[in-house]
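Enquirer: The structure follows.
The values are calculated or read from the model by the stated rules, or taken from the named source; none is laboratory data. Predicted, not measured: the structure shown is a model, and the values here were computed from it. All Cβ positions, glycine included, derive from the backbone under ideal geometry; neighbour counts span all protein chains shown.
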Amino acid sequence: MKFDWRKDLKTIISIAFAAVLMALNIKSFVRAGDLFPGGANGLTLLIQRIILMFTGYEPPFSIINFALNAVPVYIGFRYIGKKFTVYSIFMILLASTLTDILPGFDITQDTLLISIFGGIINGVAISICLLSGATSGGTDFISIYLSEKKNFDAFNIILAFNALILIAAGALFGWDKALYSIIFQYASTIVIRTLYLKFQQSTLFIVTTKPTEVCGIIYDLCRHGATVMDGEGSFEHSQKKVVYSVIARSDSRKVIKGIKEADPGAFINVMRTEKLSGYFYVHKEE
């Protein structure tokens, strides 16, 4: 693992902020609404509630959360990246410990508001982690592993796991809380998909007279290739080249800017890519 103290210090501060945000969200929103946020945190809260219901004792959040993250952490070390996993362990340890020791604040008793804004805050905290090169643990490790291996946005796979949590929670503690938890998880997912674009792709169709320069820019900026096709303008009947390429959505802005600098007259059509089949380069986590 290579370290750059300035970059790593910035990363650690970002992750620490995300951990505080997540812990406060659990204590002030999730617990106030008796919600189940999904993933390892949601399963941890469900186990806590079940043990409390049958024994009258509520075990620490951190102990259960550490145990549930053991296998995902192994997957991270083995298949994703050591530095990424170390940062993720820091996030898991800090967020779990803070959840046990930080006080909660009653911001509102309206369960709908708790579900919406709690989900938004949860999505922001997870996005900060992902953008910093870490994760909040649990199913995030698994979804990132599948995204890198299968070249598609695998965060939707988490929904199946979360559905099991909600079914168990609804059966044990009331379906109203499970239904509100769906709103929480939906709001969180929307925020993550908006802020974190690494495993989402965009298809570019670029009509240009400088195909060599355009292809070079695409490769230099994001290490993706392109296909060049012949084209003809229907109005002027001028000969053009059509450059076709699929890139990560997170790279779209800088690639478009580079293309426009190389060929100000280029016509660029950007479309969202739903699914890919075949090799697609994804930057590996450290």
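Enquirer: Looking only at segment 66-88, filter to residues that are touching a residue at least 24 places away in the same chain (Cβ under 8 Å) and aliphatic (A, V, I, L, M); which one of those is surrounded by the fewest Cβ atoms within 10 Å (Cβ to Cβ)?
Expert: Here the answer is Ile75.
Enquirer: Quick one: would you say Leu159 is modelled with pLDDT under 85 and more than 23 Å from Ile63 (Cα to Cα)?
Expert: Judged against the criteria, Leu159 is a match.
Enquirer: Here is a follow-up. Would you mention how many residues in segment 176-229 are part of a strand (DSSP E or B) and touching a residue at least 60 places away in the same chain (Cβ under 8 Å)?
Expert: Result for segment 176-229: 7.
Enquirer: Name the one entry in Pro103, Pro59 that is outside any helix (DSSP H, G or I), modelled with pLDDT of 90 or more and either surrounded by 22 or more Cβ atoms within 10 Å (Cβ to Cβ) or not aromatic (Phe, Trp, Tyr) (or both).
Expert: Pro59
Enquirer: Can you spot a residue in segment 137-151 that is in contact with a helix residue (DSSP H, G or I) (Cβ under 7 Å, 6 or more places away or on another chain), in a loop (DSSP other than H, G, I, E, B), of a type outside the set (Phe, Trp, Tyr) and in contact (Cβ under 8 Å) with a residue 60 or more places away in the chain?
Expert: Yes: one or more hits.
Enquirer: Considering only segment 132-141, I want to know if a residue exists there that is surrounded by fewer than 16 Cβ atoms within 10 Å (Cβ to Cβ) and either of a type in the set (S, T, N, Q) or in contact with a strand residue (DSSP E or B) (Cβ under 8 Å, 6 or more places away or on another chain) (or both).
Expert: Checked segment 132-141: no residue is surrounded by fewer than 16 Cβ atoms within 10 Å (Cβ to Cβ) and either of a type in the set (S, T, N, Q) or in contact with a strand residue (DSSP E or B) (Cβ under 8 Å, 6 or more places away or on another chain) (or both).
Enquirer: Can you tell me which residue in segment 201-238 is farthest from Val255 (Cα to Cα), limited to those that are among the β-branched types (Val, Ile, Thr) and surrounded by 15 or more Cβ atoms within 10 Å (Cβ to Cβ)?
Expert: This residue is Val228.
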